[in-house]
Each structure stands twice: as structure tokens, then as C-alpha cells.
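Okay, so here's the structure we're looking at.
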Amino acid sequence: MSAVPLHLAVALDGAGWHPAAWRDPAASPKALFTAAYWAALVAEAEHGLLDFVTIEDSLALQTTRLDGHDGRTDQVRGRLDAVLVASRIAPLTGRIGLVPTATTTHTEPFHVASSIATLDYVSSGRAGWRAQISGRRTEAAHFGRREVPELRLEDLADIDESPLVRELFGDAADAVEAVRRLWDSWEDDAVIRDVATGRFVDRDKLHYVDFEGERFTVKGPSIVPRPPQGQPLVTALAHARLPYEFAARGADVVYVTPHDTERARAIVAEVREIEGEVRAPDAGELKIFADLVVFLGENGDEARERKARLDGLDGAAYTSDAAIFTGTPGELADLLLEWRAAGLEGFRLRPAVLPTDLNAITRGLVPELRARGAFRRAYEADTLRGHLGLPRPVSRYAGSRR
């Protein structure tokens, strides 16, 4: 085994990341909204000994437009709640981490803290959270509590200079901080369960978090005792300096999107510099994963032809924020190891078609990496934090009086 093992995760979304994936002969579109479909995917990922899966979610139907519905009926529309899916899958799996997406913009931090802490209990310490902003005006209209201006192309072209995006990431940073405080609001030994004295909890070990942000305040404590991991894993996707800062302040893992080795090296250097500026000294080092969309085949031509066939069904060549890889598992292993040398610690792979490309990852890529001493042959920890070599943190309120 390599001295620094590679970390692997997969991002699950509908029938796969290509918009025409549901029309692939190997797809199961009739099963997309069933628990069995998601359970089978995560079981396959666990069979491959992957660190964790992420489950995509949003507050609106999938769309190709910046704001509002696109009117298309030839792509998957509709999804199940990611946190509830993860909770359903948790008892059916034993070691793999489960990281659902939950947005920060319109979701109360108290609710996020409770649901992810509950998932950590249900999974015996394998929960995480992908924190995501929600910037579309149509999403805000579902709640009616907040006015969000129309998202424009210039907002995405230079998100570091967009007042709207800056505001959303400011709110997201507050939300992550409030959630983390709530996870700490019960000390580890707060639950006594002493039948003889009639004391179930030690009230002195439950703490008000007293968080005050720009848009909300949270008193605390949580209604859920401290999660098994202490702090479930917090992750975030980032493409520019502003989201890098957000991840460096509050996340354990950041997903970045380089398109070549030099860009990977430059992004890692930028993230590490920002981390040194904004990250709390006791937070531990931020782990940097790269995202890639993968089309895998027994040879490169097969993978490229499969992508071309799906592009034809969709009516346009597929593009992505992340690099798009078409080739064999062995060629992908070459690329991952090359990018790892640029400073990346892991990868979150987005299978273009499910289950085809997921199976190619677990049954093709994983053996390739193992043969090169770069991936585990068995799970070495029971918790998600353990898979990533992260310690279980002590509650920030331990030993203090409420």
C-alpha cells in the first residue's frame, strides 16, 4: 500500500451525470424514485471499498437555465430528498460514508444539524453533509421569506465579484458555523441514563450555542445528542476564490474542478494559501478532492462512442464544470495518480451513466489502483472520519458551564 493512500468517492445523481443517461440501455429509469435503486448503487460503491458517496439535491427541478424551468421533457426531472435517501440506505450498509446534499440558503441550520446528526446515529458514524448555496429566484419562491434577485450570467462569470453570490456564501458560512456549534452543544457524556437517581441527562453538559449571524440567530442546544463522530464530515464544491474561502473556513473536504495537471497544481496551491489565511488553527488540514465526470469502457473508442451516442440523444455535446474523462479504467488510474502528485488527496468521480460507470469504477478502476499500491484492500476504520484519517474532535463546550 502506498504511504499516502488515495481516497475515492462517487457522486450519485439520478440516472447519471449525462442528461441522456436515463435513455442508455443499461439504465433503470423506472426505478429512479425507489429505495431499492439507491440501495443497490451504494451497495456497489461499498463493495468497491470507496470512502463515501455523495447524493445530489436541490430546491428546484433540474434545469439547464440560470433561473426558472427550461421546459424540457427529455431529461430526468424530479429527485428524492437526499438526506432521507441516505437515512434509508444507512441500515443496509456497514462501512461506506453517506454524504447527502442540503442547501444552506433556505434551510434552517437547526434542521440541518438535527437531520445530519440523526443520520450519523442511524449509520453508526458514517454521515456527512455537502453544503450548497441556492441562488435561483424560483427556489426562493418556494419559501416566500426572502427576495433573491435574478441570477445573471455575469454572476457566474466572476462569482468573486457578484454581490448576490458573496451574500449567499456569507450566509452559508454562518449556517455551517451554527450547525457545527449545535453538534457540539451536547457534551459526549451528557446522557446519563441513571435509573436509580432518575437523571437521564446532565443538564450542565447541554449548552446554549448563542450564534448570531446576519440573517438568523440560533440559541440551542440541539435536540439530538452529540453525533457519534462528534462532528460529521462537512464538504463543499468550489470553483473560485470565494467558495474556496468558504470551504477553508468550515469544511473538512473541498471538491475542486481542475481540467489538467497544471491547473490541479495551481488550485491546490491557491486553496492552501487561502487555508493559511482563514482556517482556524485547531480545524485540521482541509482535504482537497478533484471532481471528474467519467465515461469508462474496455477501450477508449468504446467510451468515446458511448458518450457520442448519448450526446446525439440529448441534441448537444455534453459539457461540465468538471473535467470529462473518456477511456479505460487503467487510463483513469494513470490520470488520478498523476493528479495526486500535484497535491490532491482524493477524487470524487461522477459516473456518466448509472450503474455502468459506477461498476467500471468499483470493478475496473479500484483493482487497477490496488495493483499499483494506491488503494485499500479492506476498510480500516468504522467511521467516515476514520476513512479519511480525521480524528474525532472534542466538543468546544466540554468542561464549560451553560
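Below is a table of values for the structure above.
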quantity: Which listed residue, of A35, A43, A39, A31, is on the phi < 0 side of the Ramachandran plot, of a type outside the set (D, E, K, R) and without any contact (Cβ under 8 Å) to a residue 40 or more places away in the chain; calculated: A31
quantity: Members of the range 17-43 found to be assigned to a loop (DSSP other than H, G, I, E, B), over 13 Å from L358 (Cα atoms) and open to solvent by 20 Å² or more (accessible area, probe 1.4 Å), listed by number; calculated: P19, P25, S28, F33, T34
quantity: Residue match in the range 151-170 (condition: among the acidic types (D, E), in contact with a Gly (Cβ under 9 Å, 6 or more places away or on another chain), under 24 Å from R65 (Cβ atoms) and modelled with pLDDT under 95); calculated: yes
quantity: Neighbours by Cβ (under 7 Å, 6+ apart or cross-chain): first from the range 142-170, open to solvent by less than 100 Å² (accessible area, probe 1.4 Å); second of a type in the set (S, T, Y); calculated: D155/S162; L168/T105
quantity: Single condition L92 does not satisfy, out of (1) crowded, with 17+ Cβ neighbours inside 10 Å; (2) aliphatic (A, V, I, L, M); (3) in contact (Cβ under 8 Å) with a residue 40 or more places away in the chain; (4) in contact with a helix residue (DSSP H, G or I) (Cβ under 7 Å, 6 or more places away or on another chain); calculated: (1)
quantity: Selection count where residues are outside any loop (DSSP other than H, G, I, E, B) and over 22 Å from T383 (Cα atoms), scope the range 182-234; calculated: 14
quantity: Residue within the range 108-115 that is of a type in the set (D, E), under 27 Å from R215 (Cα atoms) and either in contact (Cβ under 8 Å) with a residue 60 or more places away in the chain or touching a Pro at 6+ places or on another chain (Cβ under 6 Å) (or both) present; calculated: yes
quantity: The range 77-86, residues that are out of contact with any Asp or Glu (no Cβ under 9 Å at 6 or more places or on another chain) and open to solvent by 30 Å² or more (accessible area, probe 1.4 Å); calculated: R77, L84
quantity: Hey, A360 open to solvent by less than 60 Å² (accessible area, probe 1.4 Å), farther than 26 Å from L233 by Cα, in contact with a Ser or Thr (Cβ under 6 Å, 6 or more places away or on another chain) and not charged (D, E, K, R) or not; calculated: no
quantity: Restricting the range 254-275 to residues that are over 12 Å from Y244 (Cα atoms) and touching a Gly at 6+ places or on another chain (Cβ under 8 Å), the residue that is most open to solvent (accessible area, probe 1.4 Å); calculated: R265
quantity: V278 more than 24 Å from R350 (Cα to Cα), β-branched (V, I, T) and open to solvent by 10 Å² or more (accessible area, probe 1.4 Å); calculated: yes
quantity: The range 44-68, residues that are surrounded by fewer than 16 Cβ atoms within 10 Å (Cβ to Cβ) and assigned to a helix (DSSP H, G or I); calculated: H47
quantity: Condition check for R385: open to solvent by 10 Å² or more (accessible area, probe 1.4 Å), in a helix (DSSP H, G or I) and free of Cβ contacts under 8 Å to residues at least 12 places away in the same chain; calculated: no
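The values are calculated or read from the model by the stated rules, or taken from the named source; none is laboratory data. All values reported here derive from a predicted model rather than from experimental measurement. In this analysis, Cβ positions are derived from the backbone assuming ideal geometry, glycine residues included, and neighbour counts consider all displayed protein chains. Accessible surface is based on the protein model in full, side chains and every heavy atom, while ligands, DNA and RNA are left aside. Shrake-Rupley method; radii C 1.70, N 1.55, O 1.52, S 1.80 Å.
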